[in-house]
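Participant: Let me begin by handing over the structure; questions about it come next.
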Amino acid sequence: MAGVIIYKISMCRYFCFAILLASTFLPVRSYSQGWSFDDASSEWGMFVLGLASGYGAHELGHYVVATSKGYPVSHDGLSIVYPNAKFTDADHLQVASAGFQTQWLMAELAFRDHNGNEKKAAPGNFGAGVICAHLGITLAYLTVLKDHQQGDVAGMAEATKRSNDQIVLALAIPGALDAWRLFGNQVPEWVPQLSVASKGLGIAWAWTY
């Protein structure tokens, strides 16, 4: 019984955090014109730099969180691995989700102006590259990397005792919303708000697990 009460309190905390975070962006208005790959035709270098920066930020997120908790970090090809690490469930979730948390934050920086409001025009090519890295990584984990033993989804599933399918569903929500924000025209203002709320809920869950 006590466990159920604690669980309900925790879920309430996650929900309140998400609502509070979303309310910060209530004045947001949608932008009218989406970004397209044709926009990058004159600045492919900036787009590729943004793409590389987004991928690098994802990997750096894993590295920073793991090393800050004292876990060893190594590489297996393009994957970051943690040799002989004895994770607690909470640490495992935080380390495994750190890449997604970082790419979510990077995407929000690209979508917003210096006042924190959603840009009314499509992001520049560098910002679009950062967001496309976020979308590409998300798509990879929804498909070919979903069941990869060393992957982020498998790590989060193992830490939380959830299925891989449940984890990818949670990751798909902000990914789909951010794709709409980047490529869509006349995007409703609730779309960025819901995206921020879903990311806030995920980050709060990871760090209060």
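The values are calculated or read from the model by the stated rules, or taken from the named source; none is laboratory data. Predicted model only: the values in this text are computed from it and were never measured. For neighbour counting, all protein chains shown are included, and Cβ atoms are generated from backbone atoms with ideal geometry for every residue, glycine included.
Participant: Can you give me the number of residues within the stretch 48-88 that are under 23 Å from Ala170 (Cα atoms) and over 20 Å from the mean Cα position of the chain (by Cα)?
Facilitator: Residues meeting the conditions: 2.
Participant: Still on this structure, I have one more. Would you point out which residue out of Ala96, Ala90, Ala66, Ala85 is closer than 16 Å to Glu158 by Cβ, in a loop (DSSP other than H, G, I, E, B) and among the aliphatic types (A, V, I, L, M)?
Facilitator: Ala85
Participant: Go through the stretch 106-131 and report how many residues are touching a residue at least 60 places away in the same chain (Cβ under 8 Å) and either of a type in the set (Lys, Arg) or in a helix (DSSP H, G or I) (or both).
Facilitator: The number of residues fulfilling the criteria is 13.
Participant: Right, another one. Based on this model, can you work out whether Gly61 counts as in a helix (DSSP H, G or I), under 27 Å from Leu145 (Cα atoms) and modelled with pLDDT of 75 or more?
Facilitator: Yes: the conditions hold for Gly61.
Participant: Ok, one more. Does Ala85 count as small (Gly, Ala, Ser), out of contact with any Lys or Arg (no Cβ under 9 Å at 6 or more places or on another chain) and at pLDDT 95 or above?
Facilitator: No.
Participant: Looking only at the stretch 39-53, count how many residues are of a type outside the set (Gly, Ala, Ser) and farther than 8 Å from Gly129 by Cα.
Facilitator: 3
Participant: Based on what the data block shows, is Gly136 over 22 Å from Trp205 (Cβ atoms) and either aromatic (Phe, Trp, Tyr) or more than 18 Å from the chain's Cα centre (by Cα) (or both)?
Facilitator: The answer is no for Gly136.
Participant: For the subset of the stretch 26-41 comprising residues that are of a type in the set (A, V, I, L, M) and either touching a helix residue (DSSP H, G or I) at 6+ places or on another chain (Cβ under 6 Å) or modelled with pLDDT of 75 or more (or both), which member is farthest from Asn115 (Cα to Cα)?
Facilitator: Restricting to residues being of a type in the set (A, V, I, L, M) and either touching a helix residue (DSSP H, G or I) at 6+ places or on another chain (Cβ under 6 Å) or modelled with pLDDT of 75 or more (or both), the top hit is Ala40.
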